[in-house]
Amino acid sequence: MKKTIFNSIHKKLGAKMVEFAGYEMPIQYSSIIAEHKAVRNSVGVFDVSHMGEVFIKGEKASDFVQYITINDASKLVPGRVQYSAMCYPDGGIVDDLLVYKISEIEFMLVINASNIDKDFSWMKENNKFNVEIKNRSDEFSLLAIQGPNSEKVLEKLMKQNPGLEYYHFTKGKIASVDMIISRTGYTGEIGYEIYFTGDELSAEKIWEEIFKAGKEFDIQPVGLAARDSLRLEMGFCLYGNDIDQTTNPIEAGLGWITKTEKAEFIGKDSILKFKQNGPGRKLVAMISDEKTFPRKGYEILANGNNAGVITSGTVSPVIEKPIALGYVDKPYNAPGSEVTFKIRDKEFPARITKLPFVKK
């Protein structure tokens, strides 16, 4: 297994370590609920250095990104970030990703850890614009500082207010280390993600400075388990669960990032046909008042018939109810519709609701 530059720090803190996307990663430190609530109520720090960073450079960099992603990258200016996805010609999703416009001729694409090799190969295969494509995932470390007090922590670290709007980034220093500081995250809270290169000594210094700045806010290290429950409360998709190569962005609720009016991009024709015909199923949010724990793969019933499958599920630490995402067939997928979770031969009533589960 690969290890992030913070591996020894996690172990010193007593984190429970697991294999995730080929990396040894902290799943939790204290408890999932305590870490989850630390982010919702104050501030927490995640090591997400397993994520991939691919740099696109060249005179046609913008054309390449526009061709390979489904959102409209032409709307970006340097310092802006965009949520997007890459699709196969049949409309299936290669990956969802963040697009950072560094300059008119350079972009950084942040991709999912489990897809790094696949995504990098896909980009190279479709490089008809002769741009430079560099996979720098092993060079970069990434920490996410998330929660309502994250801005105050950054302000102390940078000795000034970061002054970043949502989905904007800047270049700066923390603990004398150059980095990209981004107002992004996967929790639904105000938060920042910091990208940097360097050795273990500089990483340890950065970690120490962050926790020193956050001490008055009871800053906590947070593992991947709470990261998952946080994103699920907001209804954010997880690749490999809620979206993959068998799902179309329209049925996955990603029509808002699918700009079919723009010029040619991979998957456009298939997505347009799919959109015109209308999806036979769609990804919906479900909530139950029962005492149960919905998990990926559990069957969803409607009127006693199989109507879909759960793709992500948990018990929300905030609202303390079972919540889930899953694909449900027409005509059972409208908000307010009653469905049933089938769990180990037992059935638990649930209903389709609107996202997010936790209102912000």
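Readers should treat all values here as calculations from the given coordinates under stated rules, not as data from a laboratory. Since the structure is predicted, the reported quantities are computational estimates derived from the model, not experimental observations. We place every Cβ from the backbone using ideal geometry, glycine too, and count neighbours over all the protein chains shown.
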Worksheet, complete the sentence: In whole Hz, the Karplus estimates of ³J(HN,Hα) for the range 117-122 (6.51, -1.76, 1.60; θ = phi - 60°; x where Gly or Pro) are 5, 4, 5, 4, 5, 4
Practice prompt. Provide 281, 136 in ascending order of the number of other Cβ atoms located within 10 Å of each residue's Cβ, fewest first.
Written response: 136, 281
Worksheet item: Can you run phi through the Karplus equation (6.51, -1.76, 1.60; θ = phi - 60°) for the range 213-230 and list ³J(HN,Hα) in whole Hz, with x for Gly and Pro?
Response: 5, x, 4, 5, 9, 6, 4, 10, x, 10, x, 5, 5, 5, 4, 5, 5, 5
Practice prompt. Rounded to whole Å and sorted largest first, list the principal axis extents of the Cα atoms in the range 280-360.
Written response: 31, 26, 18
Response to the item:
Per principal axis, largest first, the Cα atoms of the range 52-135 extend in Å by 28, 23, 23
Discussion item. I need the peptides 266-273, 120-127 ranked by packing, meaning the mean over residues of other C-beta atoms within 10 angstrom, with the highest value on top.
Written reply: 266-273, 120-127
Discussion item. Based only on other Cβ atoms within 10 Å, what is the fewest-to-most ordering of 210, 27?
Written reply: 27, 210
Item to complete: Grab the eigenvalues of the alpha-carbon gyration tensor for the chain, scale each by 5, take roots, and send me the semi-axes largest first in whole angstrom.
Response: 32, 28, 17
Discussion item. Taking just the alpha carbons, could you work out the radius of gyration and Dmax for the range 1-153, both in angstroms?
Written reply: 17.3, 49
Fill in: Phi-based couplings in Hz for the range 163-174 (Karplus 6.51, -1.76, 1.60; Gly and Pro marked x)
x, 9, 7, 4, 6, 10, 9, 9, 9, x, 10, 9
Worksheet, complete the sentence: Quick shape summary for the range 167-214, equivalent ellipsoid via Cα gyration tensor, semi-axes whole Å in descending order, reads 20, 13, 9
Worksheet item: Measuring from centroid to centroid over Cα atoms, what is the spacing of the range 188-255 and the range 78-111 in Å?
Response: 17
Worksheet, complete the sentence: Of 218, 244, 95, the most mobile residue in a GNM of the chain (C-alpha springs, cutoff 10 Å) is 218
Worksheet item: Using only helices, what value at 222 nm comes out for the chain when you add -39,500 (n - 2.57) per DSSP H run of length 4 or more and divide by the total residues, to the nearest 500 deg cm²/dmol?
Response: -6500 deg cm²/dmol
Worksheet entry | Least to most buried among 207, 256 (fewest other Cβ within 10 Å first) | 256, 207
Worksheet entry | Amide proton proximity set for residue 318, modelled H, under 5 Å, gap of 5+ | none
Worksheet item: Which entries in 75/354; 134/173; 37/259; 118/342; 101/296; 37/75 show an alpha-carbon gap greater than 31 Å?
Response: 37/259; 118/342; 101/296; 37/75
